[in-house]
Structures are given as structure tokens and as C-alpha cells.
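Here's the structure, in C-alpha cells; my notes come after.
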Amino acid sequence: MKKKKKGSTSPIYAIGLVFLLFSILRPIFSLGRLGVAALLAAIVYGIVRAVTGSGKEKEPPVQTQKQPQQTAAQQAARKPEPEQPKYPPAVQAIIDEGARAHSELQRLYAVIPDLSVKHKIQEIISVSDKIVEDAIHDPSDVPQIKKFLDYYLPTTIKLLNAYDRMGSQGIEGENISNTMRSISEMLDTAIDAYRKLLDGLFANQAMDIETDIAVMNTLMQREGLSGQGNQFATGARGAGGTA
């Protein structure tokens, strides 16, 4: 329990002093003088109390309670969970690897000054992005695309990095020039090969589409909905003739 702080005794002593002085100067032998002495004592008491602040306890300042700092675990719990892959793991792996290759090709495009090589890199980026995107539409193509991402595209990037290193030497030697020329020619071959790969990835889809078209044509012919055998058109003409 908190102990109450006692007020100052100065006002009490002041009352006693007033009565003492009053009795010395004018002895109190009547009720009138006693009343005057009491009035003076009350006035002095009030003045002394006001000056000394007696009887008023100063309230301690209100301390605002600080909010406890959140722990790292609590902060982590508040953070939204990372987005889960939208696609099956095999397809997502293709997309992630394709994104890394795309980023590296973009870097090489930015640092290699030769305009013809830049154009070839841009074409490789366009075709390779489409190859990677095919995994989303046709997951059965994942094994072929994975082979492309595991060997062909990384080898192309490796050669482009070699081209960049040789070009940055600032030396026009026979070995450097011949190697850079060979890499540039290889890029043309790679672009053609990647285009063929992309076209081949659509073989299954093309076959499925052709099958759907053949089945649909057969059904329409069977129901008389194609060509001159359209029963709806014949019925309409017949109704018009009888009218």
C-alpha cells in the first residue's frame, strides 16, 4: 500500500503564532477580542497554506504505458504468406528456369554492343519465352522443354558470355575474331533449331484440333447440318412453298 504524504504543519504553527502575538499585544479577556484573534488566525492560516501548498498532494504524472515491441516471430506471422505456385511443380520449375534464362539474356543484350548480335539475342528471347509458355498450355511437352532448358539454352548463354568477354578485351586478334564470328554464326543455327522445336511442340495440339474438326464435320453431315443436306434450310424452303 502506498503511504499518504502528510501535509506541511506550517499553517498550524502560524495559527499558534497569531494567538501568541495577539495575546501579548492585546490580552484576550473578552469574547470580542477572541473573535478578532480567531479571524486573524484564519486569514494567516489561509495565506500560509496557499504559499506552502499544504494539504494538496501532487499527483504523480501519468505515465503512458509503452506498447511492447513485437518480436520477429510475431512480425513474420503478420506478413502475408508468399504466393503458392499457380501451376503443377513440374510446370512451375519450367517457368522459374525460363525466367532466370530470360533475365540473363536481357543482361547480355544490354552489354553486347554489336547490333547484329543484339538482334539475334532478341530473337532467342522471343522464341525461348514462347517455348517456356507452351508448358502451361500443354504440360505433356514438359520433358522436351526441360531438355531445351537443361542444355540448349544454357549452352547458348554460355557462348554469348564468351562472346561478351572476348569483345571487351579491346584486342583484335585472329583467335578472338574467328571465335566471335563462329559464335555469331552459331546463333543463327540455334534460332532456326529453336523455331523448329517450338513448331514441333504444337504437333500434339494440332493433331487434337484436326481430330476435333473431323469429328465435328462427321456429326454435322450425319445430322444434315452441312452442305446442301441442311435439313433446317430444306424445312424452311418447304414451309415457304406451302404458304
Which residues, taken from region 202-230, are closer than 30 Å to I145 by Cβ, surrounded by 13 or more Cβ atoms within 10 Å (Cβ to Cβ) and modelled with pLDDT under 80?
Q205
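Hey, can you tell me all the residues within region 142-172 that are hydroxyl-bearing (S, T, Y) and either part of a helix (DSSP H, G or I) or within 35 Å of the chain's Cα centre (by Cα) (or both)?
Y151, Y152, T155, T156, Y163
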Residues that are within 16 Å of Y194 (Cα to Cα), among the small types (G, A, S) and in contact with a helix residue (DSSP H, G or I) (Cβ under 8 Å, 6 or more places away or on another chain): does region 87-98 have at least one?
yes
From the residues in region 99-129 that are out of contact with any Lys or Arg (no Cβ under 9 Å at 6 or more places or on another chain) and of a type in the set (S, T, Y), which one is farthest from R195 (Cα to Cα)?
S103
Going by the conditions given, is I191 in contact (Cβ under 8 Å) with a residue 24 or more places away in the chain and either within 29 Å of K86 (Cβ to Cβ) or touching a Phe, Trp or Tyr at 6+ places or on another chain (Cβ under 8 Å) (or both)?
no
S126 vs. criteria of a type in the set (S, T, N, Q) and touching a helix residue (DSSP H, G or I) at 6+ places or on another chain (Cβ under 8 Å)
no
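The values are calculated or read from the model by the stated rules, or taken from the named source; none is laboratory data. These figures come from a predicted structure and were not determined experimentally. Every residue, glycine among them, receives a Cβ derived from its backbone with ideal geometry; neighbour counts consider all protein chains shown.
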